[in-house]
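The structure is given below, and queries will be raised subsequently.
The values are calculated or read from the model by the stated rules, or taken from the named source; none is laboratory data. Since the structure is predicted, the reported quantities are computational estimates derived from the model, not experimental observations. So basically every Cβ, Gly included, is an ideal-geometry build from the backbone, and we count neighbours across all protein chains shown.
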Amino acid sequence: MKKIAILGSTGSIGKSTLEVIKHLDNEFSVFALAAKSNYHLLAQQILETNPKVVVTSDKKTKDELFRLIKHKKKNITILTGEQGLIEIATASNTDILVIAMSGIAGISALIKAIEKRKRIAFSTKELLVSFGDIIMAKVKKYNAEILPIDSELVGLHQCLDNRSANDVKEIIITASGGPFRNYTNFGNITVADALKHPVWKMGRKITVDSATLANKGLEVIESSRLFSIPSDKIKVLIHPQSIVHSMVKFVDNTVMSALSLPDMRVCIQYALTYPNRKPSLVGNLDLSEHKMLEFYRPNFIRFPLLRTAYQVAKTGGIEPCIFNAANETAVNAFLEGKIKFDKISEIVKKVLSHFTNIKNPSLPALIQYDKQAAEYTEKLINICQ
Ligand SMILES: NC(=O)c1ccc[n+]([C@@H]2O[C@H](COP(=O)([O-])OP(=O)(O)OC[C@H]3O[C@@H](n4cnc5c(N)ncnc54)[C@H](OP(=O)(O)O)[C@@H]3O)[C@@H](O)[C@H]2O)c1
């Protein structure tokens, strides 16, 4: 029985991970859960999955959680903050660490888990975007195992199957195109419009990123770092049906591709059971029922964040980190009604041009740049209002 710790158990990926664990309950059990502030759902998850340790972001949330579970669950440790995340990530009882938190707060826990050679099932693309070189150098040094959860990267992991990068001509990741695939007027888009994703049901931030195609840009950077493929060998295709997740074209022009119904549970299960396969909760894919599988080139003019992501992927240094921090802050401002949808890309570009790039930044330097970029983005947001 493998024991799992989930950072971000109350989010979209976290909840799906718990469904997969329940489905494979003769193989996996929950050792630890962590969330930020949703103590109501965390309490419910504790009673359902019986973890030994949980982590919340601060004392206030810890006290609220304790109040809800104290009469029903006795032998549980409640920790808080970054130190709590590190403790569950490195605990000898954690066989698999699922990183499903939004944002970059899990970076120290991730690095410590790599050093302990834990199996890491990884969905938080912001971490690989901002700190990709440092994370992958650690993975190499400690010979650690890091498996993606993102559907496009799971597809690539299967197609690449540890083959040499020299065999690869290009890799292709697909995007549904989001709700505004055919829009031309981006100024009047409301938060409710942006949160209506045509295919996937996800957290709010990634749903807006899918609507701007920043999500695909983040995945270009993430794939480049995880698989050591230069970003100019990574192509994006819009594929509204979201059945084909990614493809690898080899130097002989053979293309291998990964297909499944769009459901993150099969991707999460892949990362937990790899290299084994088990029946999953995801429906049967019968291609005769999918008469049309369409593919289009993305429009870099209407979706400028995708172009910016390619630029920062190529430049490297601190730019991917600045891009991620500015985008996250601008998306949150859009979600709070502070800025219009089309301002997100404008602001990200302005923030990038404010910083002078440096090569090979250290982790503490990147954490500082993330903070400074978020602060500068806030400044620009206040000017917009
Ligand atoms: N959703 C998808 O289908 C999908 C697909 C591919 C990749 N991803 C990536 O997976 C990550 C999570 O996405 P999501 O859609 O699941 O996000 P989400 O629904 O917004 O959930 C985020 C989770 O992270 C927790 N969290 C945030 N900050 C934390 C902190 N400082 N300490 C502990 N927990 C913290 C949240 O806790 P609270 O609930 O308490 O706030 C919540 O459990 C993102 O990086 C996203 O890009 C998601």
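Could you check how many residues of segment 61-105 are within 13 Å of the ligand (Cβ to nearest atom) and more than 27 Å from the chain's Cα centre (by Cα)?
Looking only at that region, the number is 1.
Is there a residue in segment 206-223 that is of a type in the set (Ser, Thr, Tyr) and without any contact (Cβ under 8 Å) to a residue 60 or more places away in the chain? Walk me through it before giving the result.
Restricting attention to segment 206-223, the residues satisfying the condition of being of a type in the set (Ser, Thr, Tyr) are 207, 210, 212, 223.
Those still in the list that are without any contact (Cβ under 8 Å) to a residue 60 or more places away in the chain too: 207, 210.
Yes, because at least one residue in segment 206-223 is of a type in the set (Ser, Thr, Tyr) and without any contact (Cβ under 8 Å) to a residue 60 or more places away in the chain.
Could you check Glu27 against (1) within 13 Å of the ligand (Cβ to nearest atom); (2) out of contact with any Phe, Trp or Tyr (no Cβ under 8 Å at 6 or more places or on another chain); (3) farther than 29 Å from Asp209 by Cα; (4) acidic (Asp, Glu) and say which number it fails?
(1)
Checking the structure you have, find out if any residue of segment 12-26 is outside any helix (DSSP H, G or I), in the same structural domain as Lys125 (by TED's automatic domain parsing) and of a type in the set (S, T, N, Q). Please lay out each step first, then the result.
To start, the set of residues in segment 12-26 that are outside any helix (DSSP H, G or I) comprises 24-26.
Subset that is in the same structural domain as Lys125 (by TED's automatic domain parsing): 24-26.
Those left that are additionally of a type in the set (S, T, N, Q): 26.
Yes, that holds for at least one residue.
Yes or no, residue by residue, for (1) under 15 Å from Lys340 (Cα atoms); (2) of a type outside the set (Ser, Thr, Tyr):
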{"position": "Ile173", "(1), (2)": "no, yes"}
{"position": "Phe186", "(1), (2)": "yes, yes"}
{"position": "Ala192", "(1), (2)": "yes, yes"}
{"position": "Lys196", "(1), (2)": "no, yes"}
{"position": "Ser210", "(1), (2)": "no, no"}
{"position": "Asn215", "(1), (2)": "no, yes"}
{"position": "Ser224", "(1), (2)": "no, no"}
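Anything in segment 141-176 that is assigned to a loop (DSSP other than H, G, I, E, B), over 13 Å from Ile229 (Cβ atoms) and either among the basic types (Lys, Arg) or within 16 Å of the ligand (Cβ to nearest atom) (or both)? List them, or say none. If you could, list the steps in order and put the result at the bottom.
Of the residues in segment 141-176, the ones assigned to a loop (DSSP other than H, G, I, E, B) are 143-144, 149-150, 161-164, 176.
Keeping just the survivors that are over 13 Å from Ile229 (Cβ atoms) gives 143-144, 149-150, 161-162, 176.
If the condition is that a residue be assigned to a loop (DSSP other than H, G, I, E, B), over 13 Å from Ile229 (Cβ atoms) and either among the basic types (Lys, Arg) or within 16 Å of the ligand (Cβ to nearest atom) (or both), then Ile149, Asp150, Ser176 are the ones that fit.
Out of Val220, Val244, Val251, Val199, I need the residue that is in contact with a Leu (Cβ under 7 Å, 6 or more places away or on another chain) and in the same structural domain as Asn299 (by TED's automatic domain parsing). Which one?
Values: Val220 fails: in contact with a Leu (Cβ under 7 Å, 6 or more places away or on another chain); Val251 fails: in contact with a Leu (Cβ under 7 Å, 6 or more places away or on another chain); Val199 fails: in contact with a Leu (Cβ under 7 Å, 6 or more places away or on another chain).
From the options Val220, Val244, Val251, Val199, the qualifying one is Val244.
Would you check if there is a residue in segment 243-260 being closer than 30 Å to Ile21 by Cα and assigned to a loop (DSSP other than H, G, I, E, B)?
Yes: segment 243-260 contains one or more residues that are closer than 30 Å to Ile21 by Cα and assigned to a loop (DSSP other than H, G, I, E, B).
Find the residue count for segment 360-385, including only residues that are modelled with pLDDT of 95 or more and not in a helix (DSSP H, G or I).
Number of matching residues: 3.
Name the strands (runs of 3 or more DSSP E) wholly within segment 74-123 that hold at least 3 residues that are of a type in the set (A, V, I, L, M), in the same structural domain as Ala43 (by TED's automatic domain parsing) and in contact with a Ser or Thr (Cβ under 7 Å, 6 or more places away or on another chain)? I'd like the intermediate steps shown before the answer.
Values: elements: 77-80, 96-99, 119-122.
Output list is empty.
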